[in-house]
Amino acid sequence: MINLVLFGKPGAGKGTQASFLKSEFNLVHISTGDLFRNHISNQTDLGKLAKSYMDQGDLVPDQVTIDMLENEVDQNKQAKGFIFDGFPRTEAQAEALDVFLTKKGMKINATIALEADDDILVQRLLERGKSSGRTDDQDEGKIRNRFDEYNSKTAPLRTYYNNQQKFHSINGIGTIEEITARLTELINSL
Ligand code: AMP
């Protein structure tokens, strides 16, 4: 079993790359952003709660996010491994994930960061916002707030995973295929 965390700022390409890697390595892809958006479409209570944070570009509170993620892992008992995309995003989430996986005899094998400059990411997100319909991608102020959330709450996870010797970085600039090739080479070397 191999369990990967795809790490990086909004727009770094985590979702795009996860969809290639899941078929390449036969993994279940769990994106907490996608799960929240499904809840919003289905107008669940969790969706209503999440929307109030997502609309501002703020993180959704840890406990509801952790509970949703754990529930999703539990629903995929046959999985050969997971790609976690957009989770964990805080130290509390990373700790909860470690505790949860350990209980199941599982672990994170590697956390892989897709690196790119903010200005490139803003352009990518604004471009994506034109077709995705995601309101959090259509407003530069909200995008910058998501980066601030990343810098203050998510970036410290580099140290968290470095201390576990699981942190790896990939250059996230290039064609989709080039970045997939870099990721594949890294994962094969784990
Ligand atoms: P994403 O699709 O990963 O860019 O996530 C979109 C939004 O969903 C984020 O800006 C947050 O509001 C929320 N979100 C997704 N994943 C998490 C997480 N792990 N913790 C807290 N909020 C999250």
Quote to one decimal, in nm, the extra length available between Ser52 and Thr102 on full extension: 0.36 nm per residue of separation minus the C-alpha distance between them. 14.8 nm
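For a Förster distance of 30 Å, can you work out the FRET efficiency between the beta-carbons of Ala92 and Asp45, rounded to the nearest 0.05?
0.85
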Need one word for region 33-190: rounded, prolate or oblate. Basis is the Cα gyration tensor (sqrt eigenvalues a ≥ b ≥ c); a/c below 1.5 gives rounded, then a/b vs b/c decides. oblate
The percentage of the accessible area of the chain (probe 1.4 Å, all protein chains present) made up of carbon and sulfur atoms, to the nearest whole number, is 47
In the structure displayed, which of Lys77/Lys103; Lys48/Lys142; Lys14/Lys130; Lys14/Lys80; Lys9/Lys77 lie more than 25 Å apart, Cα to Cα? Lys9/Lys77
For the pair Thr159 and Gln78, how long in nm is the line joining their label points, each one 7 Å along Cα→Cβ? 4.3
With the other protein chains left in place, how much accessible area per residue, in square angstrom, belongs to the chain at a 1.4 angstrom probe? 50
Alpha carbon centre of region 15-69 versus region 126-162: separation in Å? 14
Restrict the search to region 35-97; then list the trypsin sites (Lys or Arg not before Pro) that DSSP places in a loop and that have at most 12 other Cβ atoms within 10 Å of their Cβ. Lys77, Lys80
Rounded to the nearest 500 deg cm²/dmol, what is the calculated helix-only ellipticity per residue at 222 nm for the chain, with -39500 (n - 2.57) per DSSP H run of length n ≥ 4? -16500 deg cm²/dmol
Tell me, what is the percent relative contact order of region 1-97, built from C-alpha pairs under 8 Å that lie six or more residues apart? 44
Mind checking which of Gly129, Gly33, Gly13 has the largest fluctuation in a GNM of the chain, springs on alpha carbons under 10 Å? Gly129
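The values are calculated or read from the model by the stated rules, or taken from the named source; none is laboratory data. This structure is a prediction, so every number in the text was calculated from the model and none was measured. Positions of Cβ are backbone-derived with ideal geometry, glycine not excepted, and every protein chain shown enters the neighbour counts. The accessibility values were calculated without ligands, DNA or RNA, using every heavy atom of the protein model including side chains. Shrake-Rupley method; radii C 1.70, N 1.55, O 1.52, S 1.80 Å.
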